[in-house]
Amino acid sequence: MIFDEIADFAAALPAGAAVAGLDYGEKTIGVAVSDGMRQVASPLETIRRARFTADAAHLAKIVAGRAIGGLVLGLPRNMDGSEGPRCQSTRAFARNLDRALGLPITYWDERLSTVAAERALLEADTSRARRAQVIDHVAASYILQGALDRMRHL
């Protein structure tokens with residue numbers, strides 16, 4: 001089920017289940033996971049996109065292996081808050097994931113998450129090549145951490 005409100009999403013999560021954050025892009029999907037207490041988001045991996053069925057199968061392995069109870073998808077709104085074609089693509093991906101995985105799904109505004117991830121990697125003196133490899137799953141952890149922080153204050 002897809003929830004537009006984070007409070008409804010939080011209520012639908014199984015007790016003690018971790019949550020995964022996804023930074024859905026045209027070529028890759030950044031994946032981050034939380035701990036079971038939903039306090040800390042950690043970058044996990046970047047999936048090179050293929051067909052949806054292959055992407056969903058890869059995500060299903062992560063979900064099963066890490067006892068994931070729900071998904072937070074970054075919603076790439078425009079800077080003025082409006083939704084463009086990338087938001088429509090993300091929402092379509094969420095609908096397909098809902099059918100494939102059957103987990104609670106919600107959205108989190110991802111504006112500037114990649115910028116924040118890039119800054120953190122620059123501050124850590126990460127090489128350009130390494131930044132290119134990890135930027136998507138680091139951005140996913142920023143998305144997930146924002147949602148976790150909000151759920152803690154509900």
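Bear in mind these aren't lab numbers, they're just calculated from the coordinates by the rules spelled out. These numbers come from a predicted model, not from an experiment. Glycine also receives a Cβ, built like all others from the backbone with ideal geometry; neighbour counts cover every protein chain displayed.
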To the nearest 500 deg cm²/dmol, what mean residue ellipticity at 222 nm is calculated for the chain from DSSP H runs of n ≥ 4 alone, each contributing -39,500 (n - 2.57), summed and divided by the residues? -16000 deg cm²/dmol
Rounded to the nearest 20 debye, what is the charge dipole size of the range 22-89 about its Cα centre when +1 sits on each Lys and Arg Cβ and -1 on each Asp and Glu Cβ? 220 debye
Whole-number D in µm²/s for the chain (Stokes-Einstein; Kirkwood sum over Cα pairs; 4 °C, 1.567 mPa s): 84 µm²/s
So, with +1 on the Cβ of K and R and -1 on the Cβ of D and E, and no other charges, what is the size of the charge dipole of the range 2-152 about its Cα centre, to the nearest 20 debye? 460 debye
With a point put 7 Å past each Cα toward its Cβ, work out how far His153 is from Asp80 in nm, to one decimal. 2.8 nm
What residues have an amide H closer than 5 Å to that of Thr28, excluding those fewer than 5 places away on the same chain, when H is modeled at 1.01 Å from N in the peptide plane? Arg49
Which residue, Arg111, Arg77, Arg51, has the most motion in a Gaussian network model of the chain that connects Cα atoms within less than 10 Å? Arg51
Among Leu97, Leu144, Leu22, which one shows the biggest mean-square fluctuation in a GNM of the chain, springs joining Cα atoms closer than 10 Å? Leu97
How much length, in nm to one decimal, is gained on full extension between Ile62 and Glu26, taken as 0.36 nm per residue of separation minus their Cα-Cα distance? 10.9 nm
Which far-off residues, 5 or more places away or on another chain, put their amide H under 5 Å from the one on Glu45, with H placed in the peptide plane? Val31
